[in-house]
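For reference, the structure is listed below as structure tokens.
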């Protein structure tokens, strides 16, 4: 995102991280919802379509996670670092409401 736009929005360098985090959360919710839908599907054809969607959702989650880990935005195996990251995102979000 353009640095000027980021500054005007009051987000500085956090924009990409906020967007990626939101995308990751949405991907996780999509995986959960598709898994549930598979258990409720009434025909093999519908189940197969949902399984394929689930496969794509898991791949999407993997790509987002890898991007965030590579960029230092996500630390799934280091709780201390992840907590600091989450607090920074929260503080940025709270500042946006002022």
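The values are calculated or read from the model by the stated rules, or taken from the named source; none is laboratory data. Just so it is clear, the model here is predicted, and its values are computed rather than measured. For neighbour counting, all protein chains shown are included, and Cβ atoms are generated from backbone atoms with ideal geometry for every residue, glycine included.
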**Fill in**
Here the residues within the stretch 18-41 that are more than 8 Å from the chain's Cα centre (by Cα) and closer than 30 Å to residue 95 by Cβ are 18, 29, 30
**Request:** Could you tell me which numbered condition residue 85 fails, if it satisfies all but one of (1) within 19 Å of residue 15 (Cβ to Cβ); (2) at pLDDT below 95; (3) exposed (fewer than 14 other Cβ atoms within 10 Å of the Cβ)?
**Result:** (3)
**Message:** Conditions first: (1) free of Cβ contacts under 8 Å to residues at least 12 places away in the same chain; (2) at negative phi. Residue 96 passes all but one, so which condition is the exception?
**Reply:** (1)
**Prompt:** How many residues, within the stretch 70-85, are in a helix (DSSP H, G or I) and either more than 15 Å from residue 28 (Cβ to Cβ) or over 17 Å from the mean Cα position of the chain (by Cα) (or both)?
**Reply:** 7
**Asked** Does the stretch 19-61 hold any residues that are in contact with a helix residue (DSSP H, G or I) (Cβ under 8 Å, 6 or more places away or on another chain) and free of Cβ contacts under 8 Å to residues at least 12 places away in the same chain, and which are they?
**Response** 41, 47
